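K.L.:
This is the structure, below, for whatever I ask next.
Derivation of every value follows stated rules applied to the coordinates shown; laboratory data play no part. All figures in this text were calculated on a predicted structure; none of them were measured in a lab. For neighbour counting, all protein chains shown are included, and Cβ atoms are generated from backbone atoms with ideal geometry for every residue, glycine included.
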Amino acid sequence: MTDRLQMFIDGEWCDASDGRTLTTADPATGRDWATFPSATATDVDRAVRAADRAMYEGPWARTTATQRGKVLRRMAEALAARAEHIAHIETRDTGKLLRETRATTNYIAEYYEYFAGAADKLQGSTFATDKPELMAMTLREPIGVVAGVIPWNNQLFLSAVKVAPALACGNAVVLKASEFAPAALLELGHIAEAAGLPPGVLSVVTGEGDPCGSTLARHPLVARIAFTGGHETARHIVRHSAENLAVVTLELGGKSPIAVFDDADLDNAVNGIIAANFGAAGQSCVAGTRVYLHRSVRDEVLERVAARAATIVVGDPTDAATEVGPLATQGQLNRIEAAVGASVGEGATLRVGGGRPALAPEFRDGWWYAPTVLECPSGDITAARQELFGPVLSAFVFDTEDDVIAAANDSPFHYATGVFTRDVGRAMRVTRRIRAGVAYVNTYRVISPMVPFGGDGLTGFGRESGFESLLDYSRPKTVWVNTSPNSAPDPFTMR
Ligand code: NAD
């Protein structure tokens, strides 16, 4: 018996207009647990039109920024109040550890709090001009209907950094949930209801990339697309946006480098490397999967990382003692198995992992992969070049600062980087020369509502989170005001 999920369009819970459904499975067991609607182009059109109406005609159009701040605060409260329920749903649908989904759901409420406070701090400008009797100013206006396209991992966080600033600015949002794990995102419909959002201001549609995602991204009434996902899908998004000329931001996957120098605090570096690679089973956009170790500390660090990886507790994601759960999809598992197999064939040495872990019988058909450490002779190894989005670390050795910077930059992905050293000058030199959207010094995998994040190169463009993201969900309207007591002269009369 499976649950039956519905999508949330224009303030109502509904099925697809043609009744078609898809199924979602529990990654720990591989068993289907719920069906959800496979939205048609008609359904998506209905959601976008409702958003457009809500934004330009409904009560949302007349709210003040202060009122919108209050709505966002209620969303934060509703999220915190439902955190336990949502955490269980997300764990069941994505395999993410319950203790992580619990902690992140509560932390995500902080993002709504932050943008609640920021909503009425956004201002236009006034300008000095060369025209003595004219005044010029800008009003900050909402940008238009926002399409948020969301992947299966960390859905509530990846939607919060879109929805909260978008609503703060007075936009309406249509979210597209992943076809692999839509359940946690659908919970936002309940949050919208609990917070009293007018119908249409926030809808969540479910279905496949095409037609659901593609109809949304190229819809003529969509003015802004905020996408998180893989870079191949991002190429489709950019092509879709050629039709509506929407403003686009792209948050994509990475292959981020971490450099550990000979003077680093090695306990700290080892913990940073473990967090960067095995937190969330490596299914994180900032995963620091290329680990460069200075020759003088290579053996010790690799030994310690391998020893810790070998003792990571893999298993039931609802058990508080578990450290790594399953991968979210069967496709991910297949891809990782193939990449690790190819890498060993290319000369990489398997230090730890490299297959399915031994687990209790109920998890036999789930999508599991053991934490894996590969020692790589060069950066050409498959696992070192592909974004794997799983618990697989590739380790390399380096001798000089220049060597590690060149190796770190030898990738099309430039999301994050980590530098472990006690030398502040070196930390800053290296950080400045490694291409990345986010750099961590003596730490890794940190986020905050106040601080922007985003990538460079094949990891996308634009930044999410932080006050400046309000600028991406609003646009300036320039207003010229004539202050002269006299009528303007006839423009065609010579004086
Ligand atoms: P994906 O690119 O396959 O899918 C993302 C979303 O795009 C899904 O909702 C999907 O249905 C939709 N989509 C697919 N085809 C589409 C189309 N033609 N038009 C419109 N929408 C379409 O990604 P995924 O496998 O769900 O997620 C994993 C990827 O997300 C990884 O590459 C990961 O690195 C990336 N990611 C990036 C960040 C970040 O902040 N940079 C965070 C998390 C995940």
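K.L.:
Sorted by mean Cβ packing within 10 Å, highest first, what order do the peptides 217-223, 315-321 take?
P.N.:
On the way: 217-223: 21.3, 315-321: 16.0.
With the highest mean Cβ count within 10 Å placed first, the list reads 217-223, 315-321.
K.L.:
May I pose another question? For a protection proxy built on the mean count of beta-carbon atoms within 10 angstrom, sort 134-143, 424-433, 121-130, 46-55 highest first, please.
P.N.:
Details: 134-143: 16.0, 424-433: 14.4, 121-130: 10.9, 46-55: 23.2.
So the peptides 134-143, 424-433, 121-130, 46-55, ranked by packing, come out 46-55, 134-143, 424-433, 121-130.
K.L.:
Continuing with the same structure: So which aspartates and glutamates can Lys477 reach, going by Cα to Cα under 12 Å and dropping same-chain residues fewer than 8 places off?
P.N.:
Glu141
K.L.:
If the reach is capped at under 19 angstrom between alpha carbons, list the lysines near Lys70, excluding any in the same chain fewer than eight residues apart.
P.N.:
Lys121, Lys162
K.L.:
Let me ask another. I'd like the distance separating the alpha-carbon centroids of the stretch 312-328 and the stretch 421-485, in whole Å.
P.N.:
Cα centres, the stretch 312-328 to the stretch 421-485: 33 Å.
K.L.:
Continuing with the same structure: Could you work out the local net charge near Thr311, counting Lys and Arg as +1, Asp and Glu as -1, over the other residues with Cβ closer than 12 Å to its Cβ?
P.N.:
Numbers: positive: Arg304, Arg308; negative: Glu323.
Summing Lys/Arg as +1 and Asp/Glu as -1 gives +1.
K.L.:
Further, regarding this structure: Helix check for the chain. Which DSSP H runs span at least 18 Å along their own axis by Cα, with a mean Kyte-Doolittle hydropathy no less than 1.0? Display every interim value, and only then the final one.
P.N.:
Values: long enough: 41-56 (22 Å, -0.42); 65-81 (24 Å, -0.16); 98-118 (30 Å, -0.59); 155-168 (19 Å, 1.43); 183-195 (19 Å, 1.10); 231-244 (20 Å, -1.31); 295-311 (25 Å, -0.38); 330-345 (23 Å, 0.10).
Membrane-span-like by this criterion, though nothing is claimed about a membrane: 155-168, 183-195.
K.L.:
Follow-up question, since we're still on this one. How many angstrom lie between the Cα centre of the stretch 155-190 and the Cα centre of the stretch 26-91?
P.N.:
When both Cα centres are located, 6 Å separates them.
K.L.:
Under a Cβ-Cβ cut-off of 13 Å, what is the net charge of the residues other than Thr400 that fall near it, where Lys and Arg count +1 and Asp and Glu count -1? Show your work: numbers first, answer last.
P.N.:
Values: positive: Arg295, Arg426, Arg429, Arg433; negative: Asp262, Asp399, Glu401, Asp402, Asp403.
Summing Lys/Arg as +1 and Asp/Glu as -1 gives -1.
K.L.:
Using 1/(1 + (r/R0)^6) with R0 = 45 angstrom and r between the beta carbons of Thr129 and Asp210, what's the FRET efficiency to the nearest 0.05?
P.N.:
Values: r = 49 Å, r/R0 = 1.09.
E(calc), rounded to 0.05, equals 0.40.
K.L.:
Cβ under 12 Å from Arg102's Cβ, Arg102 left aside: what net charge do those residues give with Lys, Arg +1 and Asp, Glu -1? Walk me through the numbers before you get to the answer.
P.N.:
Details: positive: Arg82, Lys96, Arg99; negative: Glu84, Glu90, Glu100.
Within the 12 Å Cβ shell, the charges total 0.
K.L.:
Let me ask another. Under a point spin-label approximation (7 Å from Cα along Cα-to-Cβ), what is the Met428-Ala342 distance to one decimal in nm?
P.N.:
4.2
K.L.:
Still on this structure, I have one more. At a 10 angstrom cut-off on C-beta neighbours, averaged per residue, how do the peptides 445-454, 207-216 rank from highest to lowest?
P.N.:
Values: 445-454: 16.2, 207-216: 21.1.
Top to bottom by mean Cβ count within 10 Å: 207-216, 445-454.
K.L.:
Starting from the Cα-Cα distance between Lys477 and Trp13, subtract it from 0.36 nm times their residue separation and give me the gain in nm to one decimal. Don't skip to the answer; put the middle values down first.
P.N.:
Values: separation 464, 0.36 × 464 = 167.04 nm, distance 3.61 nm.
Here the segment from Lys477 to Trp13 would lengthen by 163.4 nm.
K.L.:
May I pose another question? Sort the chain into rounded, prolate or oblate with this rule: let a ≥ b ≥ c be the square roots of the eigenvalues of the Cα gyration tensor; rounded if a/c is under 1.5, and if a/c is not under 1.5, prolate when a/b is larger than b/c, oblate otherwise.
P.N.:
Values: a/c = 2.21, a/b = 1.40, b/c = 1.58.
Judged from the Cα gyration tensor, the chain comes out oblate (a/c at least 1.5, b/c at or above a/b).
K.L.:
What residues of the stretch 126-140 lie in the reach of a label at Ser484, counting those whose backbone N is under 12 Å from a point 7 Å from the Cα along Cα→Cβ?
P.N.:
Answer for this model: 131-135.
K.L.:
Computed FRET efficiency, Cβ-Cβ of Leu350 and His85, R0 56 Å: what is it to the nearest 0.05? Each step should come with its number before you reach the end.
P.N.:
On the way: r = 41 Å, r/R0 = 0.72.
So, using R0 = 56 Å, E works out to roughly 0.85.
K.L.:
Further question on the same structure: Using 0.36 nm per residue, how much length does the chain from Glu401 to Thr443 gain when fully extended, once their Cα-Cα distance is taken away?
P.N.:
13.2 nm
K.L.:
For the chain, what does the relative contact order come out to in percent, with C-alpha contacts under 8 Å and a separation of six or more? Walk me through the numbers before you get to the answer.
P.N.:
Numbers: 1135 pairs, mean separation 90.8, N = 495.
That works out to 18 percent.
K.L.:
Pop a pseudo-label 7 angstrom from the Cα along the beta-carbon direction at both Ala321 and Leu359 and give the gap in nm to one decimal.
P.N.:
Between Ala321 and Leu359, the label points sit 1.7 nm apart.
K.L.:
To the nearest 500 deg cm²/dmol, what mean residue ellipticity at 222 nm is calculated for the chain from DSSP H runs of n ≥ 4 alone, each contributing -39,500 (n - 2.57), summed and divided by the residues? Display every interim value, and only then the final one.
P.N.:
Numbers: 15 runs with 184 residues, N = 495.
Result for the chain, helices only: -11500 deg cm²/dmol.
K.L.:
In nm, what is the difference between 0.36 nm times the number of residues separating Asp410 and Asp32 and their Cα-Cα distance? Kindly include the intermediate steps, with their values, before the conclusion.
P.N.:
Values: separation 378, 0.36 × 378 = 136.08 nm, distance 4.09 nm.
Separation in residues times 0.36 nm, less the Cα-Cα distance, equals 132.0 nm.
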